[in-house]
1. Can you order the peptides 38-47, 57-66 by their average number of other Cβ atoms within 10 Å per residue, highest first?
2. Can you find, among ALA17, HIS95, PRO48, the residue sitting farthest towards the positive end of the charge dipole of region 3-108, where Lys and Arg contribute +1 and Asp and Glu -1 at Cβ?
3. If you work out Cα Rg over 2.2 N^0.38 Å from the coordinates, which of [x] 1.17; [y] 1.01; [z] 1.35 do you get?
4. On a 0 to 90° scale, report how tilted helix 96-108 is relative to the longest principal axis of the chain, with both axes built from alpha carbons and the result rounded to the nearest 10.
5. Which residues in region 34-57 place their backbone N less than 13 Å from a point set 7 Å from the Cα of LEU23 along the Cα-to-Cβ direction?
6. Remind me, relative contact order of the chain in percent, using alpha carbon pairs under 8 angstrom and six or more residues apart?
7. Would you work out which of VAL86, LEU74, GLY36 lies farthest towards the positive end of the dipole of the chain, given +1 charges on the beta-carbon of Lys and Arg and -1 on that of Asp and Glu, about the Cα centre?
8. Given charges of +1 on the Cβ of Lys and Arg and -1 on the Cβ of Asp and Glu, with all other atoms neutral, how large is the dipole of the chain about its Cα centre, in debye to the nearest 20?
Amino acid sequence: MSHMEQLDEILSRMTPAEKAVALRHIVSDLGLTPAGVEANDNVCAGSPCIVRTRIPVWLLEQTRRLGASEADILRDFPTLRAEDLVNAWAYVGSHKAEIEQQILDNEAE
């Protein structure tokens, strides 16, 4: 059985939440910027934000660090979708130092 056949078999048994975690690991492993995250110098001082929003990734990560669950975050930010959080966590995973610095910069203000 090829790796792809094994992967198809495993994916067929996974829940959507498990698939989202797997996707986050793959994106992070490849060092890619998730498609749902963008940085624009004219929005939030250039901080990477979730597309369609002005919600910075560092803010979501800080919220998570302070103990909010994904359900809490989705409730508190009603414009977000579950896939936005997958993209945010993937971005955090592949840009740890950048996000950490943005959190520290915000705390210093």
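The numbers here are math on the coordinates, done by the rules we state, and not lab data. Note that the coordinates shown come from a computational prediction; the quantities given were computed from them, not determined experimentally. Positions of Cβ are backbone-derived with ideal geometry, glycine not excepted, and every protein chain shown enters the neighbour counts.
1. Ranking, from highest mean packing down: 57-66, 38-47.
2. Checking the options against the dipole of region 3-108, the answer is ALA17.
3. Computed from the coordinates, Cα Rg over 2.2 N^0.38 Å corresponds to [x].
4. On a 0 to 90 degree scale, this one is about 30.
5. 34-37
6. Working: 95 pairs, mean separation 31.3, N = 109.
Answer for the chain is 29 percent.
7. Positive-end residue among those listed: LEU74.
8. 240 debye
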